[in-house]
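A short worksheet on the structure shown next.
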Amino acid sequence: MARFFVNLALFLIVSALCVAVLESLVRYSYGIPIGGADPWGEIRGYHKRKSVLFKKSTIEGIGYEHRPHVRTYFMGTHIETNSHGMRDIEYSVKKPPGTYRIAVLGDSVAFGLGVNMTYVFTEVLESRLNERGGRKVEVLNFGVSGYSTKREVAQYDAKVRYFDPDLVIIAYSMNDIFHGTRENRGFDKEYFPVWEHLYLLDYYSYIMSELADRYVGIPSIPLAGRSQVKEDIELVDYYIKQEMPVLIVMFPHLKDLDDYKLNARRIKVINNARDRDIPLVDLLELYRGLGPERLKRAPNDYYHPNELGHEIAANATYDYLIEEGIVS
């Protein structure tokens, strides 16, 4: 009997060590702190600031939204929201006569995580469009940190449409594919300490769903709220494109741009958008020419571009809108 308990103890110790090693490898490969530590000196006190910026939403399917009239310091930069909870200047719900209005939906990339509001791509785009003179253009930033495409569509249906936009831009981030946006979790979903969350299980679930999709023909099951590409594009088509023009601006993951690990998923987004006749601006080649070190806002952050990344996105979107005659 004693030998049994000794063997059991050895088995449990070896198993725990194996899990720890594999978990560490998964976290290292994705730039996630192994101990859940604060890699940028920004997450400490996050929950307190989060409660200032976010509130529970009464809109079905959204879960949480920005509080209006917030002034706070959040994830490395000063944040202000207007009376509608947007990180933007004040806009009336009623569109001014003669104005061309663009509504931008997205997650923390559109929100401009860690970037001064002046340099967020929505602000840069608005400035460039109005520099041409002629018809006034408004670009309204409805981006909310942690939102998935599903939440953005629900947000449009319940709120954004009443601002009467002439064009909706979806700022599509590649982490929409991997990370479901857990209700009221925000950024901390990516920085759990080991004792709270195993990313090894997320990675295993992802591999299994990919194998089922590729070799068995079983569509990937959304695990932990993971957004699926086809479903995302179908929602955009059905709820938004049927009412007004839509443009997708796709922000790449900034890691390994030259040997892009997410290329298969990127192609899925492009193909599904094409099948639904939704135009798309892909920023990968523009970002690839500069490399991640010039585009990352923080050393271990491969999701959120810095000021230069936002400027490139704004210029590419501007060029598309002008060349296609969408904004004249």
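Observations on the structure shown:
- Failed condition for Tyr303, given (1) modelled with pLDDT of 95 or more; (2) in contact with a strand residue (DSSP E or B) (Cβ under 7 Å, 6 or more places away or on another chain): (1)
- For segment 304-328, a residue qualifies if it is closer than 15 Å to Val120 by Cβ and either assigned to a strand (DSSP E or B) or outside the structural domain of Val246 (by TED's automatic domain parsing) (or both), and the qualifying residues are His304, Pro305.
- Residue match in segment 77-96 (condition: under 17 Å from the mean Cα position of the chain (by Cα), farther than 21 Å from Tyr156 by Cα and among the β-branched types (Val, Ile, Thr)): no
- Filter pass, Pro252 being buried (at least 19 other Cβ atoms within 10 Å of the Cβ) and in contact with a Leu (Cβ under 9 Å, 6 or more places away or on another chain): yes
- Single residue of segment 276-297 satisfying the filter (in contact (Cβ under 8 Å) with a residue 24 or more places away in the chain and part of a helix (DSSP H, G or I)) that is surrounded by the fewest Cβ atoms within 10 Å (Cβ to Cβ): Arg288
- Hits in segment 231-249 - residues which are within 17 Å of the chain's Cα centre (by Cα) and either surrounded by fewer than 16 Cβ atoms within 10 Å (Cβ to Cβ) or outside any helix (DSSP H, G or I) (or both): Glu231, Leu247, Ile248, Val249
The values are calculated or read from the model by the stated rules, or taken from the named source; none is laboratory data. Everything numeric in this text was worked out from a predicted model, so none of it was measured. Heads up, the Cβs are rebuilt from the backbone with ideal geometry, glycines too, and the neighbour counts pull from every protein chain shown.
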